[in-house]
Structure formats: C-alpha cells, structure tokens
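Enquirer: One structure, pasted below without further comment.
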Amino acid sequence: MSIPTRHFDALIIGAGGAGLNAALQLASADVRVAVVSKVFPTRSHTVAAQGGVNAALANVLPDSWHWHMFDTVKGSDYLGDQDAIEFMCREAIPTVYELEHAGVPFSRLDNGKIYQRPFGGQSQNFGGDQAARTCAAADRTGHAILHTLYQQNIRSRTHFFDEFFALDLVRDAEGVICGALVLEIETGEPMLIEAKATLLATGGFGQVFRTTSNAHINTGDGVAMALRADIPLMDMEFFQFHPTGIAGKGMLITEGVRGEGGYLINKDGERFMERYAPRAKDLASRDVVSRAIVTEVKEGRGCGPNGDHVLLKVDHLGEDIISKRLPSIRESSKIFAGADPVREPIPVFPTAHYAMGGIPTDRFGRVAVPAGHGAEEIVPGLYAAGECACASVHGANRLGGNSLLDILVFGRLAGKNIIDYVRENPYQRTTDSASLEQAMSRLTRWEQKGEGIPVSQLRAEFRKCMEDHAGVFRTEEIMTEGYERLCELRERLPEVRLHDHSKVFNTARIEALELENMMDVGMSIAVSALKRQESRGAHSRPDYPDRDDQSWLKHSLYYREGDRMDYKPVRTKPLTVESFPPKERVY
Ligand SMILES: Cc1cc2nc3c(=O)[nH]c(=O)nc-3n(C[C@H](O)[C@H](O)[C@H](O)COP(=O)(O)OP(=O)(O)OC[C@H]3O[C@@H](n4cnc5c(N)ncnc54)[C@H](O)[C@@H]3O)c2cc1C
C-alpha cells in the first residue's frame, strides 16, 4: 500500500493545552515535533475553560501546596494516586508562573499579583476555612492559556497539521507503536506520520452524553484508538456531571459564579445546599452539588413549569462585579437561557462535563498497562496527557480548576520525557503493512454504498441511552438495561451507511468515524459502572449507597476485547509526605 509518509521525532495528536504544552517543550529543545489536530488548534476545547487553574500561590488567603494536595485527595474520594497528586500540586506553582511569563493575561489584584477566586472543595489547613486557589483570567482562562501556548509554539516552529483527523495508531513488525494514520479533512486523503514517540492528547468525550458542556469535537477518538491498540481504559465509570449547565441545553455556567458569591435556590426560594453541605454549601465538590440538585428536582422542589431545574442566583453581586468577573457567563445566560443574570436567576441542571478516567499513565505521562501479578509495563514510545489520560490525579471526582492544571503539568512533563526517549531511541521504526491495512480499513469501511441506518439516527439513540442509563444516579437495573441497549446499538453499527461518499471536506465521514469511537467509549463507561458495586465520588449507586474501601479502593481497567474488566491498586503513598488515609468525606 503506498500512502504519503512523513517522519518526525515526536507526533502529538491533539492541540489543546496538554498537546501544546508538550509540543512547546519538544520544539524548544529542537526535537522535530508534529502536532495533528482535527480542528484549528485554538478551537480545541481548552479554549472554553472559564473558571481558572489551581495553584496554592496564597495571593488572597493563606494557602500551601500540601492543603491543595489534601483537598485533591479528599475530592477524589481517596481513589486518586497520592504520588501523582503530590507532584501535581507542587508543580502547580511554577507552572502558573511559567504561564504568566509566557504571556497569559491573568486578572490582577490591586497589588498587581495574580487574581485568585474560591472554587469548590478548596480549604485551608486540611479541611479548615475556604481557600481562594483558582487563578483566573476573568471567565476566559482557557482562552487566554490556549492562545498563549499556540503563539509560543509558532515562535518555536512546531510543525502543525491543522484539520487532520487521526484514524488509528500504527505498529512495526514487533508490535511497537510507531505513529498514526491520519486523514487530511480538506482533501479526504490519508497520510502516514511515523515518529519515534507518539503522545495522545485528544481531550475528553462528553459528547457520549446527550446533554453536555463539551464541544462537538469531544468524541473520545484518542481513548478509542488506545482501546483498539489493546490498551485498557482506567476508571471510566467516574464521569463528572457539572452541577450548573444551562437547563435543557447543557452549556456551562462556571463554578466561578458560585466562587464569586452566587448560590442555588429551589422553587421555594430556599438556599438548599445548606441542608446537603452545611459548611461548604454551594462550594461543596461537584458530585455533591449535582446529586443535591437532582434530588431537589426528584422530590418536587424543582423550578419552572415542569419543575425540572433549579435556579442560580447572582443578581445580588451587582452589575459591576458580574460584568468585570463573569462577562461571558452573562452573555451565555442571555443567549441560551434568555435570562440576564444582573436581573434574574439562571435556570441550571447538571450537565455531562468531564472524564476522570482515561488512558492509564504513570507520573511521567508514559502509558502503563498491567503485566500480570500486580506488575506494570510501560508501552514503549506511547504517551498520553490531558483529559484523555488518567494519571490518576482526580480519582473518583475532579475538583474545579484541577483539569487545566493537570493538562499543563502532565503535558509539560510528557514533553520533557519524550525528549529523553527520542534521544535514547534515535532510530525510526517502520510501519508493518498489516497494521497499516488495519488502520486503513477504518476508512474504507465507510465506502460501502446502499441504504442503511443514518449516522445521526444511531448517534442520537446512543447518546440518549448513555444519558438515561449512566447518569448522576445509577442502579443495577438501570445500568443492566443500558448495557443491553448498548449491545444492541453496537450490533447495528455495521448497518450504518453514508450517503455522501465525496472526499473533499466530507464532514459526514468524520462524524461516522467519531460515532464508532464514541460507541466504544460509551461501552467502557457502562461496563465499568455496572461492575462497581459501591458509591464513590461521581459514581453514585442508590442500591450500594456507601463507599466500600474494603472491596473497592482500587482502579478499574476496561478492555475492549470481550468487555473484560481488571483492577489495580490505588497508589496511596505520596512522594515525600505522609499518606492521607481514607476518611468519610463531608463538606
Ligand atoms: C465548558 C468547559 C469549561 C471548563 N472550565 C474549566 C476550568 O475553568 N478549569 C479547569 O481546570 N478545567 C475546566 N474544564 C476542563 C478542561 O478545560 C479540559 O479538561 C481541558 O481543557 C482538556 O484539555 P486537553 O488538552 O486534554 O484537550 P482539548 O483541549 O479538548 O484538546 C483536544 C485536542 O485533540 C484534538 N483531537 C481529538 N481527536 C482528534 C483526532 N481524531 N484527530 C486529530 N485531532 C484530534 C482536537 O482537535 C484538540 O486539538 C472545562 C471544560 C469545559 C468543557
């Protein structure tokens, strides 16, 4: 098979914060790096991040990285690996200063220091008063970070393949991953990119749920590519529902709104979070607030004609603060909810937001898989960072402001480790023809003509199924029904046909490829959730209401082959400090 081929030292799939921060390290060290993105880099979902990035700078209230670490371990419901969490919280401080020096226009305090706002789950002194740890550029922090990283990459001469869609990883004759087959969206032509090291940085997959805060592009292509390469996915049952999506639409209203003093009310005007989290109230962690909202609605205290949402009250902050600190939120609320928060509350309901799980990596961004008898094996030349990866710093529930931090810290670290790897492994491996053919078959499958099920139909049924059967509250019955339904949908996938077989800018073909990826990812969530018989973090089971550390203080691993599950222990030992042993989690 003759396909145009390009060679680089390193291939990065994904141009969000994780991919771009890795690329910057490589390009600055004169390593030949290619970044592939299915959209123009600055359209990656990182651009949509609103609230900010956590670092214990202590610019507003007393703080330390150790308290940040405690909050993150507690927020994770003790499922996060404490060595990785310690590393991230320590690195947060130099990482934010590095961004500042690279040109990120953070909001400022009167004394000129970086502005920090309180966010959910943040405390002082191991569970004491509220801290203010989230560094913000108004409510457009991701926008500011992504544009700065893109500009720095242009300066460092990173090679970009914009609007190229990665189809699958490829291997050499020994089975070592040596790059990826990609599709140029404009021409519809395939191209092989061979590299000594490949980094998956393809972001999240909120699109598997019908109502989501995620961009259309967040379809889990990278995690599905890993699954097809026989790599298991870790902790997929833990999917975060953000408490404040615009009701019925899903667009995000940042936690920063509550950080600035906004609060939730039910139809009686009651500030109901006081009942669920007496101390932290509206700034309890996201899983807690989402469950409280769903419970209010279920028990008949929802607002609106259908009683199907609650209200986020902001008007008491005054027009001045709202316009200065939350300008985009005001816009979104006016456009999508028809409510100007300066005058009226915003109708909100939980929306699918963030994947805690993903491709299992070690603390250095290297993909690590079980090798039997409790041991782990590094997959040579393959790295993952950002939301598609699971390092695991978020465990069963992520704290707001910790994802931008995760992508920056581990993106940077993966970049640094790839530099060493390509220096130690200077020879390019050659793609095996069978591997290339297999990757090509993903494309040729869509050339089949004739009548069949449209992509849009199967996608709608699939996303509705995920929403109904893998949402905020999950029981054995709901999930078993969901799993059976997903199996049926999976069986119908081969009957899906494209009507448009043209090559140039055929977005229907891209959507078909994304649907295949989403369905694999959805299955990994459903199976992992069904098997975990406890409630922990975002995984809430009314039939197993308690956390069960005896049986379930372990990470799940889902394999695509036979929908098989495996488990591995949580790393409870930090790098330099003492462990935080599991305790009851109250806010
Ligand atoms: C609305 C919203 C607000 C948020 N606010 C915050 C916040 O305030 N603080 C915080 O910490 N976190 C926040 N998050 C979470 C955080 O923004 C994301 O987790 C993070 O930005 C993900 O970054 P990433 O680099 O992993 O991926 P992304 O930024 O999603 O980038 C993924 C990249 O992969 C590319 N890609 C994917 N598939 C393919 C393919 N098949 N071929 C080629 N390229 C591909 C895409 O083109 C893109 O460039 C928010 C998330 C959302 C949705």
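The values are calculated or read from the model by the stated rules, or taken from the named source; none is laboratory data. Being a predicted model, the structure only gives us computed values, none of them experimental. Don't worry about glycine lacking a Cβ; one is built from the backbone with ideal geometry, like all the others, and counts go over all protein chains shown.
Enquirer: Against the condition within 9 Å of the ligand (Cβ to nearest atom), touching a residue at least 12 places away in the same chain (Cβ under 8 Å) and within 25 Å of the chain's Cα centre (by Cα), how does G248 come out, does it pass?
Expert: On the way: within 9 Å of the ligand (Cβ to nearest atom): no; touching a residue at least 12 places away in the same chain (Cβ under 8 Å): yes; within 25 Å of the chain's Cα centre (by Cα): yes.
Against the criterion (within 9 Å of the ligand (Cβ to nearest atom), touching a residue at least 12 places away in the same chain (Cβ under 8 Å) and within 25 Å of the chain's Cα centre (by Cα)), G248 does not qualify.
Enquirer: May I pose another question? Which pairs have Cβ atoms under 7 Å, sit 6 or more apart or on different chains, and link a residue in the range 194-222 that is outside the structural domain of C178 (by TED's automatic domain parsing) to one that is more than 7 Å from the ligand (Cβ to nearest atom) and outside any loop (DSSP other than H, G, I, E, B)?
Expert: From the range 194-222, no pairs qualify.
Enquirer: Does G204 count as modelled with pLDDT of 95 or more, out of contact with any His (no Cβ under 6 Å at 6 or more places or on another chain), within 14 Å of the ligand (Cβ to nearest atom) and assigned to a strand (DSSP E or B)?
Expert: Working: modelled with pLDDT of 95 or more: yes; out of contact with any His (no Cβ under 6 Å at 6 or more places or on another chain): yes; within 14 Å of the ligand (Cβ to nearest atom): yes; assigned to a strand (DSSP E or B): no.
Here the answer is no, as G204 does not meet what is asked.
Enquirer: While we're here: Could you tell me whether the range 213-232 includes any residue that is of a type in the set (D, E) and surrounded by fewer than 22 Cβ atoms within 10 Å (Cβ to Cβ)? Steps first, answer last, please.
Expert: Step one: list which residues in the range 213-232 are of a type in the set (D, E), which gives 221, 230.
Narrowing further to those that are surrounded by fewer than 22 Cβ atoms within 10 Å (Cβ to Cβ): 230.
Yes: one or more hits.
Enquirer: Regarding G374, is this residue in contact (Cβ under 8 Å) with a residue 24 or more places away in the chain and either within 10 Å of the ligand (Cβ to nearest atom) or crowded, with 24+ Cβ neighbours inside 10 Å (or both)? Steps first, please.
Expert: On the way: in contact (Cβ under 8 Å) with a residue 24 or more places away in the chain: yes; either within 10 Å of the ligand (Cβ to nearest atom) or crowded, with 24+ Cβ neighbours inside 10 Å (or both): no.
The answer is no for G374.
Enquirer: Quick check on my filter: what residues within the range 162-181 are touching a strand residue (DSSP E or B) at 6+ places or on another chain (Cβ under 7 Å) and either β-branched (V, I, T) or over 14 Å from S441 (Cα atoms) (or both)? If you could, list the steps in order and put the result at the bottom.
Expert: Looking only at the range 162-181, we keep the residues that are touching a strand residue (DSSP E or B) at 6+ places or on another chain (Cβ under 7 Å), and these are 162, 164-172, 176-181.
Hits for the range 162-181 are D162, F164, F165, V170, R171, D172, V176, I177, C178, G179.
Enquirer: Of the residues G357, G365, G318, which single one is at positive phi and in contact with a helix residue (DSSP H, G or I) (Cβ under 9 Å, 6 or more places away or on another chain)?
Expert: Only one candidate passes the filter, namely G365.
Enquirer: Filter the range 252-294 down to the residues that are under 23 Å from H539 (Cβ atoms) and surrounded by fewer than 18 Cβ atoms within 10 Å (Cβ to Cβ) and list them by number.
Expert: Scanning the range 252-294 gives a single hit, R275.
Enquirer: Out of everything in the range 354-371 that is within 16 Å of the ligand (Cβ to nearest atom) and over 12 Å from the mean Cα position of the chain (by Cα), what residue ends up being surrounded by the fewest Cβ atoms within 10 Å (Cβ to Cβ)? Spell out the reasoning first.
Expert: Initially, the range 354-371 is screened for residues within 16 Å of the ligand (Cβ to nearest atom), giving 354-361, 365, 367.
Now drop any that are not over 12 Å from the mean Cα position of the chain (by Cα), which leaves 360-361, 365, 367.
Numbers: P360: 26, T361: 27, G365: 29, V367: 24.
Among those residues, the one meeting the criterion is V367.
Enquirer: Right, here's the next one. How many residues are in contact (Cβ under 8 Å) with a residue 24 or more places away in the chain and either within 16 Å of the ligand (Cβ to nearest atom) or assigned to a loop (DSSP other than H, G, I, E, B) (or both) if we restrict to the range 251-287? Break it down into steps so the answer makes sense when it comes.
Expert: So in the range 251-287, the residues in contact (Cβ under 8 Å) with a residue 24 or more places away in the chain come out as 251-268, 270, 272, 277, 279-280, 282-287.
From what's left, either within 16 Å of the ligand (Cβ to nearest atom) or assigned to a loop (DSSP other than H, G, I, E, B) (or both): 251-262, 266-268, 270, 272, 277, 279-280, 283-287.
Looking only at that region, the number is 25.
Enquirer: Could you grab me the full set of residues in the range 42-69 that are more than 6 Å from the ligand (Cβ to nearest atom) and closer than 29 Å to M251 by Cα? Don't jump to the end; show me each part of the working.
Expert: Within the range 42-69, the subset more than 6 Å from the ligand (Cβ to nearest atom) is 42-43, 47, 54-69.
Passing the criteria: T42, R43, V47, N54, A55, A56, H68.
Enquirer: Examine the range 333-354 for a residue that is hydroxyl-bearing (S, T, Y), on the phi < 0 side of the Ramachandran plot, modelled with pLDDT under 95 and in a helix (DSSP H, G or I), and state whether such a residue exists.
Expert: Of all residues in the range 333-354, those hydroxyl-bearing (S, T, Y) come to 333, 351, 354.
Next, from what is left, pick out any that are on the phi < 0 side of the Ramachandran plot: 333, 351, 354.
With modelled with pLDDT under 95 added as a condition, the list becomes none.
The answer is no; no qualifying residue exists.
Enquirer: Name the residues in the range 443-481 that are of a type in the set (G, A, S) and under 28 Å from L183 (Cβ atoms), would you? Lay out the reasoning, then the answer.
Expert: Narrowing the range 443-481 to residues of a type in the set (G, A, S): 450, 452, 456, 460, 470-471.
Across the range 443-481, the qualifying residues are G450, G452, S456, A460.
Enquirer: In the range 175-192, how many are over 23 Å from S502 (Cα atoms), more than 25 Å from the chain's Cα centre (by Cα) and of a type outside the set (A, V, I, L, M, F, W, C)?
Expert: Matching residues across the range 175-192 total 1.
Enquirer: A further question on this structure: Would you say A29 is within 15 Å of the ligand (Cβ to nearest atom), more than 22 Å from the chain's Cα centre (by Cα) and modelled with pLDDT of 95 or more?
Expert: Values: within 15 Å of the ligand (Cβ to nearest atom): no; more than 22 Å from the chain's Cα centre (by Cα): yes; modelled with pLDDT of 95 or more: yes.
Considered against the rule, which asks whether it is within 15 Å of the ligand (Cβ to nearest atom), more than 22 Å from the chain's Cα centre (by Cα) and modelled with pLDDT of 95 or more, A29 comes out as no.
Enquirer: Taking the residues in the range 446-498 that are of a type in the set (V, I, T) and free of Cβ contacts under 8 Å to residues at least 60 places away in the same chain as candidates, determine which candidate is nearest to G220 (Cα to Cα).
Expert: Narrowing the range 446-498 to residues of a type in the set (V, I, T): 453, 455, 472, 475, 478, 480, 496.
From what is left, the residues that are free of Cβ contacts under 8 Å to residues at least 60 places away in the same chain are 453, 478, 480, 496.
On the way: I453: 22, I478: 24, T480: 23, V496: 20 Å.
Ranking the qualifying residues of the range 446-498, first place goes to V496.
Enquirer: Another one. Which pairs do you get when a residue that is under 9 Å from A27 (Cβ atoms), found in the range 141-157, comes within reach of a residue that is near the ligand (Cβ under 10 Å from one of its atoms) and in a helix (DSSP H, G or I), reach meaning Cβ atoms under 7 angstrom, with the pair 6+ apart or on two chains?
Expert: N153/L20
Enquirer: Oh, and also: Given the residues L513, L553, L575, which is the only one that is more than 30 Å from G188 (Cβ to Cβ) and either at pLDDT below 95 or crowded, with 17+ Cβ neighbours inside 10 Å (or both)?
Expert: Criteria check complete, one pass: L553.
Enquirer: Moving to a separate point now. List every residue pair whose Cβ atoms lie under 6 Å apart, where the two residues are 6 or more positions apart in sequence or sit on different chains, the first residue falls within the range 160-186 and is over 18 Å from S44 (Cα atoms), and the second residue, located anywhere, is surrounded by fewer than 22 Cβ atoms within 10 Å (Cβ to Cβ) and among the hydroxyl-bearing types (S, T, Y).
Expert: Sorted first by the residue in the range 160-186, then by its partner, the pairs are V170/S435; R171/S435; D172/T430.
Enquirer: Then there is this: Could you grab me the full set of residues in the range 236-245 that are within 15 Å of the ligand (Cβ to nearest atom) and closer than 30 Å to A368 by Cβ?
Expert: F238, F239, Q240, F241, H242
Enquirer: Please work out if P341 is assigned by TED's automatic domain parsing to the domain that holds P327, in contact with a Leu (Cβ under 8 Å, 6 or more places away or on another chain) and more than 16 Å from the ligand (Cβ to nearest atom). Outline the logic, then answer.
Expert: Numbers: assigned by TED's automatic domain parsing to the domain that holds P327: yes; in contact with a Leu (Cβ under 8 Å, 6 or more places away or on another chain): yes; more than 16 Å from the ligand (Cβ to nearest atom): yes.
Criteria met by P341.
Enquirer: Hey, any hits in the range 140-162 for a residue that's farther than 15 Å from G52 by Cα and among the aliphatic types (A, V, I, L, M)?
Expert: Yes; the residues of the range 140-162 include at least one that is farther than 15 Å from G52 by Cα and among the aliphatic types (A, V, I, L, M).
Enquirer: Could you pull out the residue among F119, F160 that is part of a strand (DSSP E or B) and not assigned by TED's automatic domain parsing to the domain that holds R325?
Expert: Working: F119 fails: part of a strand (DSSP E or B).
After ruling out the rest, the residue left standing is F160.
Enquirer: Out of the residues in the range 85-105 meeting the condition of being among the aliphatic types (A, V, I, L, M) and farther than 17 Å from A56 by Cβ, tell me which one is surrounded by the fewest Cβ atoms within 10 Å (Cβ to Cβ). First the steps, then the outcome.
Expert: Of all residues in the range 85-105, those among the aliphatic types (A, V, I, L, M) come to 85, 88, 92-93, 96, 99, 102, 104.
From what's left, farther than 17 Å from A56 by Cβ: 102, 104.
Values: A102: 15, V104: 21.
Ranking the qualifying residues of the range 85-105, first place goes to A102.
Here is a yes/no grid of residues against (1) touching a residue at least 24 places away in the same chain (Cβ under 8 Å); (2) assigned to a helix (DSSP H, G or I):
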{"position": "A396", "(1), (2)": "yes, no"}
{"position": "G400", "(1), (2)": "yes, no"}
{"position": "L405", "(1), (2)": "yes, yes"}
{"position": "G415", "(1), (2)": "yes, yes"}
{"position": "I418", "(1), (2)": "yes, yes"}
{"position": "Y427", "(1), (2)": "yes, no"}
{"position": "A439", "(1), (2)": "yes, yes"}
{"position": "T444", "(1), (2)": "no, yes"}
